[in-house]
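**Q** Input: one structure, supplied below.
What follows is calculated from the coordinates using simple rules that are stated; it is not laboratory data. No experiment lies behind these values; they were computed from the predicted model shown. Methodologically, a virtual Cβ is constructed for each residue, glycine included, from the backbone with ideal geometry; neighbour enumeration extends over all protein chains shown.
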Amino acid sequence: MAGIKVNLISHQKLESMSTDEKIDFILKEVKQGEVLVLERGLTPEEQSKLIEKTMEEINPGKFIGIEIEGYREEGKLSWLQKALGKIRPPRMTVIGPADKLKTVHRDNDVIKTVIFGR
């Protein structure tokens with residue numbers, strides 16, 4: 001059966017992984033052409049590490065990078081959370097190969113993407 005696979009990843013699966021394990025898991029899947037929807041997104045630090053590692057692994061003709069889009073958890077942080085630098089991860093994040101996934105619209109309620117065939 002031809003088509004694009006979209007993998008919905010529960011937050012429980014990612015919570016059991018270290019940051020490096022999460023990054024490796026995501027990159028492995030995306031390099032295989034998969035589009036991932038993370039139920040609960042990555043922290044800003046994890047996103048930075050993912051982008052950094054992606055840049056190291058770009059190989060023209062084989063892997064041109066990722067497209068990543070997410071939106072923040074609603075609700076205000078308490079003064080204590082702000083003081084401790086606690087930032088909630090996004091509610092959901094969509095990650096896929098840059099040549100197969102394009103974000104066309106994003107607002108506080110909807111992320112619209114186009115997924116191109118193989």
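**Q** Mind scanning Lys22/Lys49; Lys53/Lys112; Lys28/Lys100 and naming the pairs with a C-alpha gap bigger than 18 Å? If you can, show how the numbers build up before the last one.
**A** Details: Lys22/Lys49 10 Å; Lys53/Lys112 26 Å; Lys28/Lys100 15 Å.
From Lys22/Lys49; Lys53/Lys112; Lys28/Lys100, over 18 Å: Lys53/Lys112.
**Q** I've got another one for you. Under 13 Å between alpha carbons, and skipping anything fewer than 8 positions from Lys5 in its own chain: which aspartates and glutamates qualify?
**A** Cα-Cα hits under 13 Å: Glu29, Glu34.
**Q** Right, next: With label points built 7 Å along Cα→Cβ from the Cα atoms of Asp20 and Ile115, find their separation and express it in nm.
**A** According to this spin-label approximation, the distance is 3.1 nm.
**Q** Please arrange Met17, Met55 by how many other C-beta atoms lie within 10 Å of their C-beta, fewest to most. Mind dumping the intermediate values first?
**A** Details: Met17 13, Met55 10.
Arranged by neighbour count, lowest to highest, Met17, Met55 become Met55, Met17.
**Q** Kindly write out, for the range 4-15 in residue order, the coupling ³J(HN,Hα) from the Karplus curve 6.51 cos²θ - 1.76 cosθ + 1.60 (θ = phi - 60°), rounded to whole Hz, with x marking Gly and Pro.
**A** 9, 8, 10, 9, 8, 10, 6, 5, 4, 4, 6, 4
**Q** Taking the beta-carbon count within 10 Å as an exposure proxy, list His105, His11 from fewest neighbours to most. Write down the numbers at each step before the final one.
**A** Working: His105 9, His11 13.
Taking fewest neighbouring Cβ atoms as first place, the list is His105, His11.
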